[in-house]
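What follows is one structure encoded as structure tokens, with my remarks underneath.
The values are calculated or read from the model by the stated rules, or taken from the named source; none is laboratory data. None of the values given here were measured: they were computed from a predicted structure. Please note: Cβ atoms are built from the backbone with ideal geometry, for glycine as well, and neighbour counts cover all protein chains shown. For the accessible areas, the whole protein counts, side chains as well, though only heavy atoms, and no ligand, DNA or RNA atoms are used. Shrake-Rupley method; radii C 1.70, N 1.55, O 1.52, S 1.80 Å.
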Amino acid sequence: MEYSISTMVLVPAIAVAAPLIVRGLGRWIAIPLVVFEIVLGLVVGPSVLGWVVPEQFMGMLAEFGLAMLFFLAGNEIDFRAIRGRPLSRAAIGWIISLAAGVGIAALFAPDLPAAAFIGIALTSTALGTLMPVLRDSGDLTTPFGLSVLAIGAVGEFGPLLAISLFLSGRSPLVAAIVLVLFAVIAGIAIWLAAKGVGKRMHAIITSTLHTSGQFAVRLVIFILLALVALSIVLDLDMLLGAFTAGVLYRLMLSGAPERDAEAIESKLEAVGYGFLVPVFFINTGITFDLEALFADGRTLALLPIFLVLLLIVRGLPSMLAAPAGSSRRDVAATALFGATGLPIIVAVTAIGVDVGDLTSGTAAALVGAGMLSVLLFPLIALLLRRRGSASGDRAMTDDVHVPTEG
């Protein structure tokens, strides 16, 4: 397998530089880390400087990074916290998004298969991208953060189901049967984990936590690859297996000593966010087809159209899941977070181009809109939240009357 020295050096260099840039600019403006990873990858890639070219080895690592991103998203979702109103409203919002996305796409797409790819891509929410943003802003465990988690969970799992049902190349009936088979196998594993079968391994995890054995990390990789392999064997999207693996591992770890659980979480984040996930986003920039985007004025015009459609198709229905009594700023921020999508868009467009239902230009416009959504929407949402908090603080201050003497 061939790989270049420039790739070996520049990709890790970008991974190191991106957090430093975020930290440096963080005093003035909060920009998500993945934005710089993608943009720097684009700059060093064939579209701009040409210092790094797409390679098989880097592509394989990027696929693993994408799987790890969905694993971490599934692992971090606390379904007990988002069940009830947030999850049910998020599900209703996603169904509306799917109908609106395919319906609107059918108005300008050349055929129905292309409309299906575009419509499903527009219904995604980048939960794995948003979770670090919510964690860094301190919103992850707030009612607002939990509503965004519910939107993101449905916005990742829903499109994965839609891909498996409608974009697999099989009849919907056969695809549904295969999907049910996967659900049964995964469901049995999740049920066993919920019943406490994994508790038998807690002693092994504890004893190898600080040794070369690292049983917990090895178990994660095994579960991840086993369910990804099952998805591939059943001809489902591999991300469905990765997401399910995250949910399964979280249940297996329940009941473990809190100290051990925190240590394992730290190790998983180190492997994921420290190595594999950055490779995926950097490779997204490297492989981005900028030439196809600018080759035709009509194709370039699709980029802002898709960006607006993300807000309409995904953002507006996401407002249904906003916490009860939310301010207008928080409702708008919920819509912006819900409309932030990239990983699913990359996956869907790659499938569409491979089967010949999407042109490279349309795929580049969709991915470009996803990249802009990651750049703009969380930033604007956080600014709205901060201004809303500042206004609330000022209002509370104004309501405080200092008694005067006399």
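A few remarks follow.
- Filter pass, I95 being among the β-branched types (V, I, T), open to solvent by 30 Å² or more (accessible area, probe 1.4 Å), closer than 27 Å to G152 by Cβ and part of a helix (DSSP H, G or I): yes
- Close contacts from region 126-141, counting a first residue that is modelled with pLDDT of 80 or more and assigned to a helix (DSSP H, G or I) and a second that is hydroxyl-bearing (S, T, Y) and surrounded by 19 or more Cβ atoms within 10 Å (Cβ to Cβ), with Cβ to Cβ under 7 Å and a gap of 6+ residues or different chains, come to L130/T340.
- The lone exception for T244 - which of (1) closer than 18 Å to W191 by Cα; (2) open to solvent by less than 10 Å² (accessible area, probe 1.4 Å) it fails: (2)
- Number of positions in region 142-174 that are under 24 Å from the mean Cα position of the chain (by Cα), assigned to a helix (DSSP H, G or I) and within 14 Å of L236 (Cα to Cα): 10
- Of the residues making up region 137-163, just one is acidic (D, E) and within 21 Å of I380 (Cα to Cα), namely D139.
- Considering region 139-167, and only residues there that are farther than 17 Å from V228 by Cα and of a type in the set (S, T, Y), the residue that is least open to solvent (accessible area, probe 1.4 Å) turns out to be S147.
- Residues satisfying the stated conditions in region 8-44, i.e. buried (at least 20 other Cβ atoms within 10 Å of the Cβ) and over 22 Å from the mean Cα position of the chain (by Cα): L10, V44
- Looking only at region 310-350, residues that are closer than 14 Å to V367 by Cβ, of a type outside the set (S, T, N, Q) and in contact (Cβ under 8 Å) with a residue 24 or more places away in the chain come to 9 in all.
- Of V16, V35, all but one fail to be hydrophobic (A, V, I, L, M, F, W, C), part of a helix (DSSP H, G or I) and free of Cβ contacts under 8 Å to residues at least 40 places away in the same chain; the exception is V16.
- Some residue of region 227-238 being modelled with pLDDT under 85, under 18 Å from M68 (Cα atoms) and not in a helix (DSSP H, G or I): yes
- Residue in region 286-300 that is in contact (Cβ under 8 Å) with a residue 40 or more places away in the chain, buried (at least 23 other Cβ atoms within 10 Å of the Cβ) and closer than 21 Å to G93 by Cα present: no
- Scope region 207-224; condition open to solvent by 20 Å² or more (accessible area, probe 1.4 Å) and in contact with a Phe, Trp or Tyr (Cβ under 9 Å, 6 or more places away or on another chain); matching residues: S207, T208, L219
The rows are residues; the columns are (1) assigned to a helix (DSSP H, G or I); (2) basic (K, R); (3) within 24 Å of L239 (Cβ to Cβ).
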site	(1), (2), (3)
P304	yes, no, no
V308	yes, no, no
G315	yes, no, yes
M319	yes, no, no
A324	no, no, no
R329	yes, yes, no
A332	yes, no, no
A335	yes, no, no
T340	no, no, yes
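- Extreme residue, nearest to G158 (Cα to Cα), among residues of region 226-240 that are in contact (Cβ under 8 Å) with a residue 60 or more places away in the chain and under 20 Å from the mean Cα position of the chain (by Cα): L240
- Under the condition of being surrounded by 18 or more Cβ atoms within 10 Å (Cβ to Cβ) and assigned to a helix (DSSP H, G or I), the residues counted in region 354-366 number 6.
- Flag if L49 is open to solvent by less than 70 Å² (accessible area, probe 1.4 Å) and either part of a helix (DSSP H, G or I) or more than 22 Å from I344 (Cβ to Cβ) (or both): no
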